[in-house]
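See below for the structure under consideration.
The values are calculated or read from the model by the stated rules, or taken from the named source; none is laboratory data. The structure displayed is predicted, hence computed values, not measured ones. Methodologically, a virtual Cβ is constructed for each residue, glycine included, from the backbone with ideal geometry; neighbour enumeration extends over all protein chains shown. Only protein heavy atoms, including side chains, enter the accessible area calculation; ligands, DNA and RNA are left aside. Shrake-Rupley method; radii C 1.70, N 1.55, O 1.52, S 1.80 Å.
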Amino acid sequence: MEAAAFAFSGKNRYICIMNIFRTLIFAAVVGLGAPVAVGQGFAVDARPVSSVTGTASDSPSKSELLRRLRRWVALTFDRSDVVDLLDADNGTVVLKWSAPLTQPSQWITASLGETCVIDMRDGGRWRLQVYAPRISWAVSETASMLDEMGMTNEEAAADTRLIGGLAQRVYGGSMDWPADETLDKVVAAYLEQLDGTQQFRNDRDRERGRATDEYRAAERQWHILNDVRRGAEQYNTSLVQSLSRALSLPADF
């Protein structure tokens, strides 16, 4: 029994974790061929998660707002296919986009994706509604390359184990996580775990700033999750501010 447990440590354990993680990603990719709710790994609520309204100070027409919006899209996104629907008659534009989110791990990647509905009316009135914001996880190219070379990396194993484990326990195996209250609770739980972990073994370690291995591991887990969650919130805040400025920009210069 001890030999079997030992054989599952180190390299074998890392390869096993990577295989499980790949299986989860494959399941998510296969799901894209199914209806939207299944492909995303969670039910999409028909209600917006946020709604922001505004009025351009120069009271432009609906067509002028649309012109400003199209210019903003061209300058903001590096892909032209983010425009999923453009209804000029009714003044409605639907955007579907994704953007990478920064976090401390080089072994996994995270991106934010969502649907934005922008309605415009004569007189400069506009409304931005956000639907189904989600965070998508994947193994990084660096981690995949190490795995293919059969190289062991405990940090990579820990990071993939964190995300793969949460995907199984909380999100039904999906690598697409709704950016909602559930994720907030997950982040809060890992912060509570960090607060309850001994940071220093003695005063000498405290003076040297030498935290325990357990504390550093718990801190890294919390940072990965918290940085991604806060990054998604900050991105949406910046998006609204940028859109508001763009729609309020007069035609002349």
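Quick look at the numbers
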| item | result |
| --- | --- |
| Selection count, the stretch 102-123, where residues are more than 15 Å from Leu243 (Cβ to Cβ), open to solvent by less than 20 Å² (accessible area, probe 1.4 Å) and either free of Cβ contacts under 8 Å to residues at least 12 places away in the same chain or touching a helix residue (DSSP H, G or I) at 6+ places or on another chain (Cβ under 7 Å) (or both) | 5 |
| Counted residues, the stretch 139-160 - those being crowded, with 19+ Cβ neighbours inside 10 Å, within 30 Å of Lys96 (Cα to Cα) and either of a type in the set (Ser, Thr, Tyr) or in contact with a helix residue (DSSP H, G or I) (Cβ under 6 Å, 6 or more places away or on another chain) (or both) | 3 |
| Condition check for Arg245: more than 18 Å from Thr109 (Cα to Cα) and part of a loop (DSSP other than H, G, I, E, B) | no |
| Any hit, the stretch 34-41, residues being under 26 Å from the mean Cα position of the chain (by Cα), at pLDDT below 90, hydrophobic (A, V, I, L, M, F, W, C) and open to solvent by 60 Å² or more (accessible area, probe 1.4 Å) | yes |
| Output for the stretch 175-234, where each listed residue is open to solvent by less than 60 Å² (accessible area, probe 1.4 Å) and outside any helix (DSSP H, G or I) | Met175, Asp176, Trp177, Pro178, Ala179, Asp180, Thr197, Phe200, Gly209, Ala211, Thr212 |
| Output for the stretch 91-101, where each listed residue is in contact (Cβ under 8 Å) with a residue 40 or more places away in the chain and surrounded by fewer than 16 Cβ atoms within 10 Å (Cβ to Cβ) | Ala99 |
